[in-house]
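Peer 1: Here you go, one structure.
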Amino acid sequence: MKHLTLPLVRPERFYCFPESAGFYQSARDHTVNRPAGYLKEFNLHLVTAGQGFVEGDSGRIELKAGDAFLYFPGDKQFYYSSHNPVWSVKWIHFYGSGALNDLTERGFHRSIVWRIRSPKLLENRIDDLLAEMKQYQSLYPTSVSMLMYGIVAELIEQAEPLSANTSAVAASGRISHLLPELQAAAAEAFDLDHWAAKAGTNRYAFCRWFRRATGQTPLEFVTMCRIGKAKQLLVDRYNLPIHEVALLCGYENPSYFNKRFLQSERMTPTAYRNLFLMGR
C-alpha cells in the first residue's frame, strides 16, 4: 500500500491540486466508511484489478477493473474490497474550484460510480502524478497541478455512468477503439456505412454513439484530422502548392479546402503558412 501526501495550497491558486494519492495492491482488508462532511476533498478511485463495492442510498454497487468512483467534497462514503477477487485501486484526493465547477457542470455529481471507456489512459495519467509526487513532492507545484488537470480532463472524457445501458457503453467503447484507424484514413473518402459496419452497428446508431464517445460528429472528427494534417504539411513542406496540400488531406477542391481551413483556424492556409515562414 502506497500513500503520498502534499501540503495544501490556496484553492484559488490552481484549477485543481492533489492533497494525497496512492495505490493499494490486492488490498483485501481495504474498507472505508466516512460520515458526511468528513472529507473536504474530491475522492477518485480507479479499480485496476479484482472487484469491490460502493454502498449508498441506491444500495450496493459492484465495481471491477476499469470502473471508477468519484465522491464530491463532503459526501458520505462507504466502499470496500471484495474478498474474492480482491481489488487493486489507484486513488487521489484533490481539490480546486475549477475542477468543482467543471465536474458539476458535466453532471458528475449525479453519480458516484463510473465505467471508464479506456481505463489504461486514465491509469497512465495517475501513474505520472504518482511518479511526480514521489520524486519531487511539492517542489514543482505547477507540474503537479498540470498532471492533476490531465487526470480530471481524462476522467471527463472517458467516464460513462456505470448504470448506463451496457450495450451503449460497449458501442461507445468500440467507436473509441476505431478512432486511431479513422484518423489514419482521414484523407481518404469518408464512407459512413463502412465505418458503422466496422463498429458493428448501423449509420444512425454509429453517429449517435460517436458523438457520445467524442463530443463530435464523425464528419467533424474527420475534418479535424484533415485540418491537423494540413497544418503540418503547410509548415513542414512549405514549397508544396496549396492545391497539393488540399489533395493530400482529402480535398479535391482547393476552394472548399480553403473554406474549411478558414472556418477551423480563422485564417487561410496561405496566411497560416506565412505566419510560420516569417518566424524562420
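The values are calculated or read from the model by the stated rules, or taken from the named source; none is laboratory data. Computed from a predicted structure; not experimentally measured. Note: ideal-geometry Cβ built from the backbone for every residue, glycine included; neighbour counts use all protein chains shown.
Peer 1: For the stretch 96-109, check the following and say yes or no: at least one residue is of a type in the set (D, E, K, R) and touching a residue at least 40 places away in the same chain (Cβ under 8 Å).
Peer 2: Scanning the stretch 96-109, I find at least one residue that is of a type in the set (D, E, K, R) and touching a residue at least 40 places away in the same chain (Cβ under 8 Å), so the answer is yes.
Peer 1: Let me ask something else. Considering only residues that are of a type in the set (Ser, Thr, Tyr), buried (at least 19 other Cβ atoms within 10 Å of the Cβ) and touching a residue at least 40 places away in the same chain (Cβ under 8 Å), which ones fall in the stretch 223-271?
Peer 2: Matches in the stretch 223-271: Thr223 only.
Peer 1: Taking the stretch 210-257, which residues are in a loop (DSSP other than H, G, I, E, B) and more than 13 Å from Ala187 (Cβ to Cβ)?
Peer 2: Those that are in a loop (DSSP other than H, G, I, E, B) and more than 13 Å from Ala187 (Cβ to Cβ): Gly215, Gln216, Thr217, Arg237, Tyr238, Asn239, Leu240, Pro241, Asn253.
Peer 1: Which one is surrounded by the fewest Cβ atoms within 10 Å (Cβ to Cβ), of the residues in the stretch 85-97 that are of a type outside the set (Phe, Trp, Tyr) and at pLDDT 90 or above?
Peer 2: Once the filter is applied, the top-ranked residue is Pro85.
Peer 1: Scan the stretch 39-65 residue by residue and report those that are on the phi > 0 side of the Ramachandran plot and at pLDDT 95 or above.
Peer 2: Residue satisfying the conditions is Gly50 alone.
Peer 1: I would also like to ask the following. In the stretch 248-262, is there at least one residue being among the basic types (Lys, Arg) and under 28 Å from Glu154 (Cβ atoms)?
Peer 2: No, the stretch 248-262 contains no residue that is among the basic types (Lys, Arg) and under 28 Å from Glu154 (Cβ atoms).
Peer 1: Among the aromatic types (Phe, Trp, Tyr), modelled with pLDDT under 90 and not in a loop (DSSP other than H, G, I, E, B): is that true of Phe276 in this structure?
Peer 2: yes
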